[in-house]
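J.: Structure incoming, see below.
Only the coordinates and a few stated rules stand behind these numbers; no lab work does. Small disclaimer: the values here were computed from a predicted structure and weren't measured. Heads up, the Cβs are rebuilt from the backbone with ideal geometry, glycines too, and the neighbour counts pull from every protein chain shown.
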Amino acid sequence: MLHIFEKIFNDFCEANPHLAVVDYGLVTPTLSSPRLEEESVQKQKEERRRQNGGGKKIMSEPALELRLHELRAEKYNGLVRLMKPGCRTIVVLVDLQSRVQLLSKFHKIVWPYRKNKTLVFAYLCVERNVEWFRRVLQLSLGGGELRVNARNCVGTVLALNPHRKYFCIYHAKHPECAKPHKNLLDGLPNWLDRLFEGSTHRYYINYWPDMTSK
């Protein structure tokens, strides 16, 4: 069976006949049973449904702020490498052109999970750090050489579990999306439900690659 990444590999990557072919058989996604960190966010799914009619009142409460951190070299250790066991960082990939629109929608989607202390929310600018994303994909695929098209990565969401060294991935064209979506983040709410149920694929890596400043 082909690796699940193969169906979107060409969307992320530029065709280059000189690059080595990635052996998709090297990595098999491990589908694990729900863990304790997933169970801690189950009750917040109902809150997201209730929020649809009462968002303005909730947003006016200053104690319920949700901060989106920029994932860059200076904050990399705090947001990834030094995260405590059981904690996860949810990262959306943006570029300068889409940043305002995507971050606004991402903030709205993850707002119901703001009270969960095991979750941190962040964004990554592909113009600065697409090389880090390329290395993460490369490690999950077994180390085969690849070249990433930064523009096609916009709208990708990574759920990083730093301590256990795995990530889950959302993309509008990813096979885990139940149906195609016109807008990049339309399928994210349902994917987050599945993430916290423990039913999304997990891609394991041996280590978190360095992130250099740009």
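J.: Assuming 0.36 nm per residue, please report the length gained on full extension of the stretch residue 193 to residue 118 beyond their Cα-Cα distance. Please report the intermediate quantities before stating the final value.
T.: Details: separation 75, 0.36 × 75 = 27.00 nm, distance 1.57 nm.
Computed gain between residue 193 and residue 118 is 25.4 nm.
J.: While we're looking at this one, here's another question. For the residues 212, 156, 89, 118, what sequence is obtained by ranking on other C-beta atoms within 10 Å, fewest first?
T.: Values: 212 12, 156 24, 89 20, 118 16.
Final ranking by Cβ density, sparse to dense: 212, 118, 89, 156.
J.: How far apart, in nm, are two points set 7 Å out from the Cα along the Cα-to-Cβ line at residue 163 and at residue 81?
T.: Rounded to a tenth, the inter-label distance reads 1.9 nm.
J.: Now for a different question. For residue 179 and residue 145 in the same chain, what is the full-extension length gain: residue separation times 0.36 nm, less their Cα-Cα distance, in nm?
T.: Stretched fully, the residue 179-residue 145 segment lengthens by 9.2 nm.
J.: May I ask for the net charge around residue 209, where only other residues with Cβ less than 10 Å from the Cβ of residue 209 are counted and Lys, Arg are +1 while Asp, Glu are -1?
T.: On the way: positive: 134, 135; negative: 131, 210.
The answer is 0.
J.: Hey, another quick one. Using Cα pairs under 8 angstrom and six or more residues apart, how large is the relative contact order of the stretch 77-190, in percent? Provide the component values of the computation, followed by the final result.
T.: Working: 151 pairs, mean separation 38.0, N = 114.
Computed over the stretch 77-190, the figure is 33 percent.
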